[in-house]
1. If you take the residues in the range 7-34 that are hydrophobic (A, V, I, L, M, F, W, C) and over 18 Å from Lys75 (Cβ atoms), which one is surrounded by the fewest Cβ atoms within 10 Å (Cβ to Cβ)?
2. Mind checking which pairs have a first residue in the range 89-104 that is part of a helix (DSSP H, G or I) and at pLDDT 85 or above and a second that is among the polar types (S, T, N, Q) and buried (at least 16 other Cβ atoms within 10 Å of the Cβ), Cβ under 8 Å, 6 or more apart or different chains?
3. Tally time: how many residues in the range 99-108 are over 11 Å from the mean Cα position of the chain (by Cα) and crowded, with 16+ Cβ neighbours inside 10 Å?
4. Restricting to the range 62-98, and then to whatever is more than 23 Å from Ile129 (Cβ to Cβ) and of a type in the set (D, E, K, R), can you tell me which residue is farthest from the chain's Cα centre (by Cα)?
5. Can you tell me which condition Ser40 does not meet? The list is (1) out of contact with any strand residue (DSSP E or B) (no Cβ under 6 Å at 6 or more places or on another chain); (2) crowded, with 18+ Cβ neighbours inside 10 Å; (3) under 26 Å from Glu150 (Cβ atoms), and all the others hold.
6. Provide a single number: the residues in the range 64-88 that are part of a loop (DSSP other than H, G, I, E, B) and crowded, with 16+ Cβ neighbours inside 10 Å.
7. I'm checking my understanding of the structure. Among residues of the range 1-57 that are touching a Gly at 6+ places or on another chain (Cβ under 6 Å) and closer than 17 Å to Asn83 by Cα, which one is modelled with the highest pLDDT?
Amino acid sequence: MQPYKYILLKPDYYTFTTIGGTEYHCYFYTSEEIFSDYPSLSKKVFGFNIGLKDNVSLQKGLDKRIAATVVTILKNFIDEKKNAVIYICDNSDGREKARYHKFSHWFRQYNDGSIIQLKGVVRAGGTNILNALLIHKENKYLNDFIEAYEILTGAYTKPDDDELQNILNDPEW
C-alpha cells in the first residue's frame, strides 16, 4: 500500500491530505518528563499524536493509505535508532479502546519487524490509560528503555488482575 505524500511543516510535525480531502497532522513532542528518573533516556522519549484539521467532514469508508502513511511517519522517526515513542490513547471521549485497536491493527499490518511495541495499561484516578512504547529493535538503549517503561508503568496502580487480563487478552487489543 502506497502512503500519501506527506510534508514536514516544522521539526517533528507532518501533514498529509487524503484523496477525500481530509487533512491529517502527525506530530511528535517531547515526553522527557515521563522518563525524568532516567536522565540518559529522557531526551530520547517522544509522544506521538494524530490530529485532524478542524471542521472537516470525514469521508465514509476505509482508506488504508491513512494507516500506511501514519506508520511510515512513525517508522521513519524511530528508524533513527535513538528515539523511543510513547503512544497514549486519548480517553476524553471514551473511545480510547477503539483508538488502541486501530493503532495496534495498523502496527501489526505495516510493521516490518524492525519496531518493537510494548503495550501498557496504567490506572490513574479510576481510569485505564492505554499506551504503548515503540522502539527500534537495534536501538542501543533498547534494554534500558524496556526496563524503564516496565518500571514506570508498574509504578502506577494497575487495574485489578481480572480486569487487566480481560484487557490484555482481548484479541483486538
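The values are calculated or read from the model by the stated rules, or taken from the named source; none is laboratory data. Remember, it's a predicted structure, so these values are computed and weren't measured experimentally. In this analysis, Cβ positions are derived from the backbone assuming ideal geometry, glycine residues included, and neighbour counts consider all displayed protein chains.
1. Taking the range 7-34 and keeping what is hydrophobic (A, V, I, L, M, F, W, C), we get 7-9, 16, 19, 26, 28, 34.
Then drop every residue that is not over 18 Å from Lys75 (Cβ atoms), which leaves 9, 19, 34.
Values: Leu9: 11, Ile19: 9, Ile34: 20.
Within the range 7-34, the match that is surrounded by the fewest Cβ atoms within 10 Å (Cβ to Cβ) is Ile19.
2. Glu96/Asn128
3. The initial filter retains those residues of the range 99-108 that are over 11 Å from the mean Cα position of the chain (by Cα), namely 101, 105, 108.
Add one more test, that the residue is crowded, with 16+ Cβ neighbours inside 10 Å, and what stays is 101.
Result for the range 99-108: 1.
4. Only one residue fits best here, namely Asp63.
5. For Ser40, the exception is condition (2).
6. The initial filter retains those residues of the range 64-88 that are part of a loop (DSSP other than H, G, I, E, B), namely 79-83.
Still in the list and also crowded, with 16+ Cβ neighbours inside 10 Å: 83.
The number of residues fulfilling the criteria is 1.
7. Restricting attention to the range 1-57, the residues satisfying the condition of being touching a Gly at 6+ places or on another chain (Cβ under 6 Å) are 25, 29, 31.
Those left that are additionally closer than 17 Å to Asn83 by Cα: 29, 31.
On the way: Tyr29: 95, Ser31: 91.
Looking at the filtered set, the residue picked out is Tyr29.
Matching residues to (1) at pLDDT 90 or above; (2) outside any helix (DSSP H, G or I); (3) within 16 Å of the chain's Cα centre (by Cα); (4) not aliphatic (A, V, I, L, M):
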| position | (1), (2), (3), (4) |
| --- | --- |
| Ile116 | yes, yes, yes, no |
| Val121 | no, yes, yes, no |
| Leu130 | no, yes, yes, no |
| Asn139 | yes, yes, no, yes |
| Asn143 | yes, no, no, yes |
| Ala148 | yes, no, no, no |
| Ile151 | no, no, no, no |
